[in-house]
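Worksheet for the structure shown next.
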Amino acid sequence: MTAEIFWTTVCTLGLALAACWFLGRFLRPIPCGSCRVLLSGRGDGGDLEQAVRALIWLRSVGLLACPIVIADLGLSPEGRELALRLIARWPAVALWPAEDLPDFLTRT
């Protein structure tokens, strides 16, 4: 009876350890420097602030380790002003015109 309790405990702890390890591997940020998050900015940038806040939160908890790029695909003056405020607030966010995106994506 005591051996069964011992082995049940050992197996349970081993399973918990394996689950934590796999979860850590799953949630670990990609270590490569060539990854970027690209958000499309159109019109008044309706959902732009919410998307940037969500990505910044992922960065703050260590689940995202790449720059965030807002592609200017026809932002209105209000949308551009919103994007500039987001850039001023968080230095990990960049605004790039759509025609210059290949230059940004090829940078290391």
* Asked: Just for the stretch 36-49: of the residues that are in a strand (DSSP E or B) and open to solvent by less than 50 Å² (accessible area, probe 1.4 Å), which one is nearest to Ala92 (Cα to Cα)?
  -> Val37
* Would you mind telling me which numbered condition in (1) surrounded by 12 or more Cβ atoms within 10 Å (Cβ to Cβ); (2) within 21 Å of the chain's Cα centre (by Cα) Arg25 fails? => (1)
* Structure fact -> The lone condition Ile87 fails out of (1) modelled with pLDDT under 90; (2) in a helix (DSSP H, G or I); (3) touching a strand residue (DSSP E or B) at 6+ places or on another chain (Cβ under 9 Å) is (1)
* Ala94 open to solvent by less than 60 Å² (accessible area, probe 1.4 Å), more than 29 Å from Gly24 (Cβ to Cβ), among the small types (Gly, Ala, Ser) and touching an Asp or Glu at 6+ places or on another chain (Cβ under 9 Å) -> no
* the stretch 50-75, residues that are at negative phi, open to solvent by 40 Å² or more (accessible area, probe 1.4 Å) and outside any helix (DSSP H, G or I) -> Val61, Leu63, Ala65, Pro67, Leu73
* To do: Within the stretch 67-78, track down each residue that is touching a residue at least 24 places away in the same chain (Cβ under 8 Å) and either acidic (Asp, Glu) or over 10 Å from Val93 (Cα atoms) (or both).
  => Ala71, Asp72, Leu73, Gly74, Leu75, Ser76, Glu78
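The values are calculated or read from the model by the stated rules, or taken from the named source; none is laboratory data. Predicted model only: the values in this text are computed from it and were never measured. No Cβ is skipped: glycine too gets one built from the backbone with ideal geometry, and neighbour counts run over all protein chains shown. The accessibility values were calculated without ligands, DNA or RNA, using every heavy atom of the protein model including side chains. Shrake-Rupley method; radii C 1.70, N 1.55, O 1.52, S 1.80 Å.
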